[in-house]
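Down below is the structure, laid out as structure tokens.
The values are calculated or read from the model by the stated rules, or taken from the named source; none is laboratory data. Just so it is clear, the model here is predicted, and its values are computed rather than measured. Neighbour counts run over all protein chains shown; Cβ positions are idealised from the backbone, glycine included. Keep in mind that these areas ignore ligands, DNA and RNA; they rest on the heavy atoms of the full protein, side chains included. Shrake-Rupley method; radii C 1.70, N 1.55, O 1.52, S 1.80 Å.
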Amino acid sequence: MERQLHIVCLDVPWPADYGGAIDMMNRIRCLHKAGVRIHLHYFSYNERGTPNELNQFCASIRVYERKTLKKSLPLQLPHIVASRINDSLVKNLQADSYPVLLEGIHCTGILPQLDRRNRNIIVRMHNDESIYYRELARAEGNLAKKIFFYNESRLLRQYSRSLPPDCHYVSVSATDIMRLKNKYALPQVDFLSTYPAWQQVKGEQGRGSFCLYHGNLSVPENEKAALWLICKVFTKARVPFVIAGKKPTRRLQKVAELCQHTCLIADPSEEEMSDLVRKAHINVLPCFNKQITGIRLKLLHALFEGRHCVANEPMVAGTGLESACHIGSSANAFASIISQLYYQPFEEEELRLRKELLGDTYDNEKNTRRLIQWLW
């Protein structure tokens, strides 16, 4: 019997150039490869457009306009949810009884309008969005945005407690699963790892010639991490340091220019970024969030394709990947670890450990078989 599935994405999943898009796009690829006929629905609201590349994986594609903040007022629901409640989407999903995969709490505003009795509905929780938006607020310098993020966090906390218990929720970390069960009283929550683009551990043995920090540099949290590394860590560990990522701010560019042994690479292609991760001797990945939710794809990228990885506790909390990283808790600790590792070759023993930790958990084909069992 042919399997058909509705997938509702919070954003267009192509190009897969940020964590959420990578996760969604690789899941679509794997389900298509497994013979599932995918009816894709997504919201278009930015410069990402309506790419033709999705046609090869989907039997049908429908695009919906996301409401502006002004049209979502007054905000009784979180804007990320209210802006994606769409009557045409509900009508299209109600036209049959195929199972539904909702990508993110963002897409769950339609649940009260769906007949849920004769179909399986899975909600992919990318993280605890209430915590995510609170951390965005903490890192944001613009007062208006800071107020919006704090209010969105508050509304998300309230809204999450009203999610229907008869849906099946899947999350990317043990920490988030406990929150969903205990904090939001959701009875049916399972682990489904993120779907990384990397499926084999390929770190090259030996030595690289620089340290690397990578991420979307337009995100305040990532800019803060890059500035901290320049000003607090690499003033002590004076080794070549490369920062790479999307849309660096003028402030970051100016600070990097003042540091003689630091190079900033703006907007590298996917190939260029992977090349940097592989060639670096140390991938340096601090995180400054007070509360942790979800998992950072850049951590997985560094562990699948890079050599040594230096991180702090917030970056690895809840991932089970602590033993694959060198953990530092302060600028002095980071500098000391980097100074030692910079002359230490990356060896076979560390590759074996990563294969043990990553191989089974992040096997996209195995996780797709599991997802299919839940859907049908």
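Local charge sum around Gly203 (other residues, Cβ-Cβ under 13 Å, Lys/Arg +1, Asp/Glu -1)?
+2
In debye, nearest 20: dipole of the range 76-135 around its Cα centre with unit charges on the Cβ of K, R (+) and D, E (-)? Numbers along the way, then the final one.
Values: 7 positive and 7 negative charges, 36 e Å.
With only Lys, Arg, Asp and Glu charged at Cβ, the dipole is about 180 debye.
Summing -39500 (n - 2.57) over the DSSP H runs of n ≥ 4 in the chain and dividing by its residue number, what mean residue ellipticity at 222 nm do you reach, to the nearest 500 deg cm²/dmol?
Computed ellipticity for the chain at 222 nm equals -11000 deg cm²/dmol.
Each part gets one Cα centre, and for the range 316-376 versus the range 14-82 those centres are 29 Å apart.
Once the convex hull of the alpha carbons of the range 165-310 is built, what does its volume come to per residue, in cubic angstrom? Can you show the working numbers first?
Details: hull volume 18.6 nm³, N = 146.
Each residue corresponds to 127 Å³ of Cα convex hull volume.
Considering all different alpha carbon pairs of the range 15-57, the Kirkwood hydrodynamic radius works out to 11.3 Å.
How far is helix 19-33 tilted off the main Cα axis of the chain, in degrees rounded to 10, range 0 to 90? Rounded to the nearest ten degrees, it is 60.
Highest mean first, the peptides 189-198, 299-308 sorted by other C-beta atoms within 10 Å per residue fall in the order 299-308, 189-198. Ignoring lysines fewer than eight residues from Lys290 along the same chain, the ones with Cα atoms less than 17 angstrom from its Cα are Lys146, Lys224.
Taking the alpha carbon gyration tensor of the range 73-128, what are the square roots of 5 times its eigenvalues, largest first, to the nearest whole Å?
20, 14, 8
Placing unit charges on the Cβ atoms only, positive for Lys and Arg and negative for Asp and Glu, gives the chain a dipole magnitude near 1020 debye about its Cα centre. Along its principal axes, the range 314-376 has C-alpha extents of 52, 27, 12 angstrom, given from the largest down. Summing Lys and Arg as +1 and Asp and Glu as -1 over all other residues whose Cβ lies under 15 Å from the Cβ of Cys107 gives a net charge of +1.
Evaluating kT/(6 pi eta Rh) at 4 °C and 1.567 mPa s, with the Kirkwood radius of the range 225-329 over Cα pairs in the Stokes-Einstein relation, gives 90 µm² s⁻¹.
The amide H of Cys259, built 1.01 Å from its N in the peptide plane, has no neighbour under 5 Å, considering only residues 5 or more places off or on other chains.
For the chain, the carbon plus sulfur part of the accessible surface works out to 49%, probe radius 1.4 Å. Counting Lys and Arg as +1 and Asp and Glu as -1 over every other residue whose Cβ lies under 14 Å from the Cβ of Phe334, the net charge comes to +2. Among Arg119, Arg296, Arg352, the largest mean-square fluctuation in a Gaussian network model of the chain (Cα springs under 10 Å) belongs to Arg352.
Note on the range 223-242 and the range 102-169: Cα centroid distance 35 Å, given to the nearest whole angstrom.
P(r) tail, the chain: Cα-Cα pairs separated by more than 33 Å, 32% of all pairs.
Counting heavy atoms of the protein chains only and a 1.4 Å probe, report the per residue accessible area for the chain as a whole number of Å². Don't skip to the end; give the middle numbers.
Working: 16700 Å² over 376 residues.
Per-residue value: 44 Å².
Please work out the Kirkwood hydrodynamic radius for the range 34-160, using every pair of different C-alpha atoms, and report it in angstroms with one decimal place. Numbers along the way, then the final one.
On the way: mean 1/r = 0.0619 Å⁻¹.
About 16.2 Å, per the Kirkwood formula over Cα pairs.
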